[in-house]
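> Just passing along the structure, written as structure tokens.
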Amino acid sequence: MANDKIMKITVTRYRPEQDAEPFQQTFDVPYHNETSVLEALFYIKDHFEPSLSFRWSCRMAVCGSCGMMVNGVPHLACKTFLRDYEGKAMTIAPLENFPIERDLVVDISDLIEKIERIKPYIIPAAKDKNMPLTKEYRQTPQQMEAYRQFAQCINCGCCYAACPQYKINKDYIGPAALTLLYRYDIDNRDAGSAIRDEFLSSENGVWGCTFVGYCSEVCPKHVDPASAIQLGKVKSATNYVIKMFKPE
Amino acid sequence: MSADNTFRKPYVPKVEASWWLKNPFFTRYIIREGTSLVSLFVCLELLLGVFCFALSDAHGDVYLAYVNGFLGNIVIILLNLVALASCLFHAVTWFALMPKAVRLFMNKNSTELLPGYVPHIGLYLALVGATLVILVAAFVTM
Ligand code: FES
């Protein structure tokens, strides 16, 4: 790799068994046109610091394991390339707004709990309850297109790292979970809207969002959570008005 | 599971008061939110005008004092210009985000969504229209 260019990469380290707080370590990493940030981390692990910890699995922007801050912006390490930072230095830090477990590994259990909380699965209507498993639900292409984009989420947590509301209020349900909530709510096969409304319309639901919009900016799968949340506000407001005239 | 032999010690970084200065996107967002303070000033200014109008006699003495003495003040004029600029800044950034809140299909069967520039341009047209209506109404009733 004689012709490789070199990039200065500063990585945040944190070893809970010996460090009181995170610190920075800088490495010179050779790279070529196809080197991703994830590969650069492998290079550091193989050549300089065998103990460097980071999460990864698919290496192709599918599993959502490798979210981290690259120069202060949430990115998937496997989908971010050193060539795009040519001539600049690079800093790699763990995903913001999550507790740091070790080096670049953060604890995203809060995100996972919130995704579970909003019931991210199809809740059939009472009339479909006894529908045989061999019978299909009908869906037009338009009905599918309505939610398709919002179903692309890989739970990488980049949107939570980008969200100032989540930063200052960890009870906020947050971009990814609210997007999934909306995605199931508008699915024509689903009848769980009333059950999810408790989360959608709560203060920590869509109304906790002040439309910063950075989640949509950083989302590596172009899910556009900010859009789903604003549409969720429309839905929540409509529900409110309907309830006003039709109390149960 | 035993609690022994764990080195887990999750580190939770403190939220710094200056978090919004670290990223230009956040700085722009805080400025957008900050324009509400200037709007508050304009609201109080208009409210004061209404009070002065109500307190005036048939010749509008208090109200005229408000217009000439208060609104005519160079500091207040400058503040109002700042208010206008910040209000326009808010409108531009907000209009740019608004297409996210609109998700309509081109027709009943299409899978094609209404392009974002339609509501975006629509908002600008509404802004221009409303401004014209207010200006015309102001001059007609003068
Ligand atoms: S390694 Fe799977 S998303 Fe990056």
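> Given the options A:Ser36, A:Ser53, A:Ser109, which has the most mean-square fluctuation in a GNM of chain A, springs set between C-alpha atoms less than 10 angstrom apart?
A:Ser109
> Show me the trypsin sites (Lys or Arg not before Pro) within the stretch A:60-133 that DSSP assigns to loop and that have at most 16 other Cβ atoms within 10 Å of their Cβ.
Filter output for the stretch A:60-133: A:Lys88, A:Lys129.
> Here is a follow-up. What percent does the relative contact order of chain B come to when contacts are Cα pairs within less than 8 Å and at least six residues apart?
RCO, chain B: 15 percent.
> Counting partner chain Cβ atoms within 10 Å of every residue's Cβ in B:100-110, what's the average?
Mean shielding by partner chains, rounded to a whole number: 4.
> Helix B:74-97 versus the longest principal axis of chain B: what is the Cα-based angle in degrees, 0 to 90, to the nearest 10?
Tilt relative to chain B: about 40 degrees.
> What residue among A:Ile108, A:Ile195, A:Ile186 has the largest mean-square fluctuation in a Gaussian network model of chain A, using Cα springs under 10 Å?
The residue with the greatest mean-square fluctuation here is A:Ile195.
> While we're looking at this one, here's another question. Anything over 20 Å Cα to Cα? Flag those among A:Lys167/B:Lys22; A:Lys8/A:Lys45; A:Lys246/B:Lys100; A:Lys45/B:Lys14; A:Lys88/B:Lys22; A:Lys127/A:Lys233, in the order listed.
Beyond 20 Å: A:Lys246/B:Lys100; A:Lys45/B:Lys14; A:Lys127/A:Lys233.
> I've got another one for you. Can you name the helices of chain A, as whole DSSP H runs, whose Cα span along the helix axis is 18 Å or more and whose Kyte-Doolittle mean is not below -1.0?
A:225-245
> How would A:Tyr160, A:Tyr121 line up from fewest to most surrounding beta-carbon atoms within 10 angstrom?
By the 10 Å Cβ count, ascending, the order reads A:Tyr121, A:Tyr160.
> Using all alpha carbons of the stretch A:109-245, what is the percent of pairwise distances in each 5 Å bin, ordered from the shortest bin to the longest?
P(r) over the stretch A:109-245, rounded to whole percents: 2, 11, 20, 23, 20, 13, 7, 4, 1, 0.
> Let me ask something additional. Compute the angle between helix B:117-140 and the longest alpha-carbon principal axis of chain B, please, reported from 0 to 90 degrees and rounded to the nearest 10.
The helix B:117-140 is inclined about 20 degrees to chain B.
> Mean separation of Cα pairs under 8 Å and 6+ residues apart, divided by the residue count of the stretch B:17-86: what relative contact order is that in percent?
29
> Which whole-Hz couplings ³J(HN,Hα) result when phi for each residue of the stretch B:11-26 is put into the Karplus expression 6.51 cos²θ - 1.76 cosθ + 1.60, θ = phi - 60°, listed in order with x for Gly and Pro?
9, 10, x, 6, 7, 7, 4, 9, 3, 7, 8, 6, 9, x, 4, 5
> Taking a quarter of the surface of the convex hull around the Cα atoms of chain B, what do you get in nm²?
Over all viewing directions, chain B projects a mean Cα-hull area of 19.1 nm².
> Counting only other residues whose beta carbon sits under 12 Å from that of A:Ser236, what net charge do I get with K and R as +1, D and E as -1? Walk me through the numbers before you get to the answer.
Numbers: positive: A:Arg196, A:Lys233, A:Lys235, A:Lys243; negative: A:Asp185, A:Asp197, A:Glu198, A:Glu203.
Within the 12 Å Cβ shell, the charges total 0.
> What are the residues whose amide H is under 5 Å from the amide H of A:Met7, where those residues sit 5 or more places off or on another chain and H is modelled from the backbone?
Excluding prolines and chain starts, which carry no amide H, the hits are A:Val29, A:Tyr31.
> Okay, moving on. Please turn the phi angles of the stretch A:100-107 into ³J(HN,Hα) values with the Karplus equation 6.51 cos²θ - 1.76 cosθ + 1.60 (θ = phi - 60°), one per residue in order, whole Hz, x for glycine and proline.
7, 8, 6, 6, 9, 8, 10, 9
> Over chain A, calculate the relative contact order: mean separation of alpha carbon pairs under 8 Å at least 6 apart, over the residue count, as a percent.
Values: 414 pairs, mean separation 42.6, N = 248.
Reported relative contact order: 17 percent.
> Loop-only check: which GluC sites (Glu not before Pro) in the stretch B:1-96 are DSSP coil with at most 10 other Cβ within 10 angstrom?
B:Glu16
> Skipping prolines and chain starts, which residues have an amide H placed within reach, meaning under 5 Å, of the one on A:Thr91, given they are 5 or more residues away or on another chain?
Those qualifying (amide H under 5 Å, at least 5 residues apart or on another chain) are A:Thr10, A:Asn71.
> Using a 10 Å Cβ count of at most 11 others and DSSP loop calls, identify the longest part of chain B lacking such trypsin sites (Lys or Arg not before Pro).
B:15-107
> Which GluC sites (Glu not before Pro) from the stretch A:1-110 combine a DSSP loop assignment with at most 13 other Cβ atoms within 10 Å?
Qualifying residues, ordered by number: A:Glu17, A:Glu34, A:Glu86.
> With θ set to phi - 60°, apply the Karplus curve 6.51 cos²θ - 1.76 cosθ + 1.60 along the stretch A:203-219 and write out the HN-Hα couplings as whole Hz, x wherever there is a Gly or Pro.
With coefficients 6.51, -1.76 and 1.60, one gets 4, 8, x, 4, 6, x, 8, 10, 6, 5, x, 6, 4, 5, 5, 9, 4 Hz.
Values in this text are rule-based calculations from the coordinates and carry no lab data. All values derive from a computational prediction rather than experimental measurement. A quick note on method: Cβ atoms are made from the backbone with ideal geometry, for glycine too, and the neighbour counts reach across all protein chains shown.
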